[in-house]
Amino acid sequence: MAFLRHFALFLTFFFAASAALAQADAEWLSRYQLGTGDVISIVVFGEDDLKREKIRLTDAGTISYPVLGELKVLGRTVGEVTTLIAEGLRGRYLVNPRVSVSVDEYRPYFIHGQVEKGGSFSYQPGMTVRKAVSIAGGFKERASKEKIFIVREKEKNAKPFKVELETPVLPGDIITVEESFF
């Protein structure tokens with residue numbers, strides 16, 4: 001019986017922690033700003049001719065959309081792009097447009113240094129440094145697990161900062177795993 005109580009307690013903590021992480025991911029996703037290389041889809045309910053799938057943002061952070069032309073979406077959230085399109089269509093094309101915008105693919109993150117297969121990898125929500133290293137084939141024998149640095153894409157004059165294995169990775173991040181000398 002004691003085992004079952006401990007197991008039930010473990011499950012309670014596990015699911016509570018999972019729910020907290022899911023909520024943090026949802027909050028981050030609602031604030032996520034679109035960037036060059038992201039791929040989005042747009043649906044206007046009841047208007048199949050306005051549906052656009054798998055639109056990759058240009059280097060300038062724009063998309064081309066029927067009726068509205070070229071739209072600058074760089075740095076905007078999905079909610080802001082939804083409003084931009086709905087407001088653009090309202091009145092001159094539709095009475096009450098219901099628009100949905102979703103991110104199909106996030107721009108990649110990059111990892112190099114003392115990992116087996118450095119390079120560019122597709123970002124997935126919930127990504128941590130530990131997961132990024134795993135996707136890159138793991139640490140090389142001489143890798144330092146204490147000397148891992150990230151440069152964030154969005155920061156002006158970005159300088160690498162030291163991170164832990166559980167540090168979240170964001171789209172566009174550049175991760176460097178340095179060599180251990182001992």
Probe 1.4 Å, heavy atoms of protein chains only: per residue, the accessible area of the range 44-130 in Å² is 55 Å²
Expected unfolding gain across Phe181-Glu164 under the 0.36 nm per residue rule, minus the alpha-carbon gap, is 4.3 nm
Under the Karplus relation with 6.51, -1.76 and 1.60 and θ = phi - 60°, whole-Hz ³J(HN,Hα) for the range 82-88, x at Gly and Pro, equal 4, 5, 4, 6, 4, 5, x
With a ≥ b ≥ c from the Cα gyration tensor eigenvalues, square-rooted, and the rule rounded for a/c under 1.5, otherwise prolate when a/b > b/c and oblate otherwise, the range 127-182 is oblate
Rounded to the nearest 5, the percent of DSSP beta bridges in the range 100-182 running antiparallel is 75 percent
In this structure, among Lys131/Lys159; Lys54/Lys131; Lys131/Lys154; Lys51/Lys131, pairs with alpha-carbon gaps over 31 Å are Lys51/Lys131
Packing-ranked peptide list from 34-45, 58-69, 167-178, highest mean Cβ count within 10 angstrom first, is 167-178, 34-45, 58-69
The size of the Cβ-based charge dipole (Lys, Arg +1; Asp, Glu -1) of the range 80-168 about the Cα centre, to the nearest 20 debye, is 200 debye
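The values are calculated or read from the model by the stated rules, or taken from the named source; none is laboratory data. Quick caveat, the model's predicted, so the values are computed rather than measured. Every residue, glycine among them, receives a Cβ derived from its backbone with ideal geometry; neighbour counts consider all protein chains shown. Areas reflect the complete protein model, heavy atoms only, side chains present, ligands, DNA and RNA absent. Shrake-Rupley method; radii C 1.70, N 1.55, O 1.52, S 1.80 Å.
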